[in-house]
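This report concerns only the one structure given below.
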Amino acid sequence: ILRSIASLGYAKEEKDSRKFSITPRGELLKKDHPRTLQGVLLLEEGPEHYQIWKHLPRMIKDGQQNAFSSEYGINLFEYAAKNSEYSKVFNDAMSSYSAIHTAMVLEALKDYDFSKISSICDIGGGQGHLSSHLHSKYDHLNGMILELSPVVENEESSWTHKMGLQDRCKYVEGNMFEQVPSADLYIMKMILHDWNDDECIQILSNIHKAAPEKARIFIVEHIVPDPTIPHFSKLFDIHMMCATTGRERTIEEYNSILSQSGWQYIQTHYPSSKMIGVIEAIKEG
């Protein structure tokens with residue numbers, strides 16, 4: 001096993017001995033690494049996600065995007081709420097993703113003018129990694145993280161508390177499918193790719209209804225590029241089909257669901273890697 005891991009670059013096998021050492025790539029799988037991918041590995045290579053992929057041939061044939069619910073009887077988020085072991089792995093994976101995505105978002109928005117924005121609502125912000133780092137960088141910002149009750153009940157373990165920002169970035173219990181608070185800027189990081197177009201339009205319409213005039217929204221996602229460009233989103237799109245009702249989308253597809261919800265697309269901000277994009281839109285009318 002160690003030899004095979006070494007062949008993938010996660011360990012180094014010493015010549016003429018049976019000794020192995022960890023490589024910089026392997027360090028990323030350690031729990032205490034600042035950009036750890038351990039949670040991602042345990043989730044995406046875990047038993048639940050292996051099981052749902054067996055439904056892929058059937059889904060392609062019948063067009064029903066319901067692998068997780070077919071296997072477990074409920075959707076992924078309901079399953080996580082009822083299964084503490086899976087929930088911990090899932091939350092650790094989301095934290096791993098957040099550490100990577102936050103750095104990319106901050107890079108993509110490094111020249112953005114936040115001076116006219118005073119309040120932010122991070123919808124489905126989880127442990128608050130992105131919100132906390134934005135509040136830390138821009139000390140005039142105040143905001144909230146809209147989350148379901150299990151997350152709000154454990155907010156003491158969030159990044160807002162770790163960074164001492166709980167007075168400026170508060171947790172608010174709520175459901176984006178029902179109602180959201182008012183804010184100058186809304187952020188949704190890796191949220192809309194979990195849902196189909198009709199569900200996304202419902203979420204975006206709820207935000208539009210609560211948003212004041214000229215409010216902005218940032219949608220942070222893996223964006224599917226032109227057909228000639230290889231990209232992670234084109235592979236992860238298949239996993240989203242298995243795990244959720246959602247999908248990865250092109251800029252044109254995001255523009256479509258935004259316009260159907262009353263939002264006007266402005267531009268997309270990218271980090272140098274273009275691994276993710278920050279889609280910016282403004283409230284119309």
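The values are calculated or read from the model by the stated rules, or taken from the named source; none is laboratory data. These numbers come from a predicted model, not from an experiment. A quick note on method: Cβ atoms are made from the backbone with ideal geometry, for glycine too, and the neighbour counts reach across all protein chains shown. Accessible surface areas use protein heavy atoms only, side chains included; no ligands, DNA or RNA. Shrake-Rupley method; radii C 1.70, N 1.55, O 1.52, S 1.80 Å.
Greater than 29 Å separation of Cα atoms is the criterion. Which listed pairs, LYS189/LYS214; LYS31/LYS162; LYS162/LYS214, meet it? Don't skip to the end; give the middle numbers.
On the way: LYS189/LYS214 21 Å; LYS31/LYS162 17 Å; LYS162/LYS214 33 Å.
Violating the 29 Å limit, Cα to Cα: LYS162/LYS214.
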Checklist entry - In nm, to one decimal, how far is the GLN267 label point from the SER21 one, both placed 7 Å along Cα→Cβ? => result 4.7 nm
Checklist entry - Over the Cα atoms of segment 136-181, what Rg and Dmax result, in angstrom? => result 11.2, 31
Checklist entry - TYR112: accessible area at probe 1.4 Å, nearest 10 Å²? => result 40 Å²
Item to check | Antiparallel DSSP beta bridges within the chain, percent to nearest 5 | outcome: 45 percent
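Could you give the accessible area per residue of the chain, probe 1.4 Å, as a whole number in Å²? Could you put the intermediate results ahead of the total?
Details: 15080 Å² over 285 residues.
Heavy-atom SASA per residue in the chain reads 53 Å².
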Next on the checklist: What number do you get for the chain when its Cα radius of gyration is normalised by 2.2 N^0.38 Å, N = residues?
Outcome noted: 1.05
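Report the charge-dipole magnitude of the chain in Debye, nearest 20, computed about the Cα centre from +1 at each Lys and Arg Cβ and -1 at each Asp and Glu Cβ. If you can, show how the numbers build up before the last one.
Working: 29 positive and 39 negative charges, 177 e Å.
That gives a dipole near 840 debye.
Given a 1.4 angstrom probe, I'd like the percentage of the accessible area of segment 217-285 that is carbon and sulfur, rounded to a whole number. Please report the intermediate quantities before stating the final value.
Values: 1690 of 2950 Å².
Carbon and sulfur: 57 percent of the exposed surface of segment 217-285.
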Checklist outcome for this item: With all protein chains present and a 1.4 Å probe, the order of MET94, MET188, MET144 from largest accessible area down is MET94, MET144, MET188
Next on the checklist: Sorting check: for 123-135, 23-35, which peptide has the highest mean count of neighbouring beta carbons within 10 Å, and how do the rest follow?
Outcome noted: 123-135, 23-35
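Remind me, relative contact order of the chain in percent, using alpha carbon pairs under 8 angstrom and six or more residues apart? All intermediate terms of the calculation are to be shown ahead of the outcome.
Working: 488 pairs, mean separation 44.9, N = 285.
Reported as a whole number, the value is 16 percent.
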Checklist outcome for this item: Note: LEU148 to SER4 extended length (0.36 nm per residue) minus current alpha-carbon separation gives 47.7 nm
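Please express the shape of segment 179-285 as an equivalent ellipsoid: the semi-axes are the square roots of 5 times the eigenvalues of the C-alpha gyration tensor, given largest first in whole angstrom. It would help to have the intermediate numbers written out before the result.
On the way: eigenvalues 111, 48, 24 Å².
They are 24, 15, 11 Å, listed largest first.
Over the alpha-carbon set of segment 27-132, divide Rg by the Kirkwood Rh and report the Rg/Rh ratio to two decimals.
Values: Rg = 17.4 Å, Rh = 16.2 Å.
Radius of gyration over Kirkwood radius for segment 27-132 works out to 1.07.
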Checklist entry - Once you put a point 7 Å from the Cα of ASP197 and another 7 Å from the Cα of ARG35, both along the Cβ direction, what distance in nm separates them? => result 3.6 nm
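Using a 1.4 Å probe over the heavy atoms of the protein chains, calculate the carbon and sulfur portion of the accessible area of segment 1-145 as a whole percent. Working shown, then result.
Values: 4640 of 8590 Å².
Percent of accessible area from carbon and sulfur atoms in segment 1-145: 54.
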Item to check | GNM flexibility winner over the chain from PRO47, PRO227, PRO181 (Cα, springs under 10 Å) | outcome: PRO227
Next on the checklist: Distance between the C-alpha centers of segment 140-196 and segment 1-65? Whole Å please.
Outcome noted: 30 Å
Checklist entry - Expressed as a rounded percentage, what relative contact order does segment 162-242 have, with Cα pairs under 8 Å and six or more residues apart? => result 34 percent
Checklist entry - ILE282 versus GLU14, label points 7 Å from Cα toward the beta carbon: distance in nm? => result 6.3 nm
Checklist entry - With point charges of +1 on the Cβ of Lys and Arg and -1 on the Cβ of Asp and Glu, referenced to the Cα centre of segment 89-233, which listed residue (ILE187, PHE90, LEU109) lies farthest in the positive direction of the dipole? => result LEU109
Checklist entry - Based on DSSP H runs of at least 4 residues, each adding -39500 (n - 2.57), what is the mean residue ellipticity at 222 nm of the chain after dividing by all its residues, to the nearest 500 deg cm²/dmol? => result -12000 deg cm²/dmol
Checklist entry - Excluding ligands and nucleic acids, what accessible area in Å² is computed for THR268 using a 1.4 Å probe, to the nearest 10? => result 30 Å²
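Of the beta bridges DSSP finds with both residues in segment 148-283, what % are antiparallel, to the nearest 5?
On the way: 12 of 18 bridges.
Bridges in segment 148-283 that DSSP calls antiparallel: roughly 65 percent.
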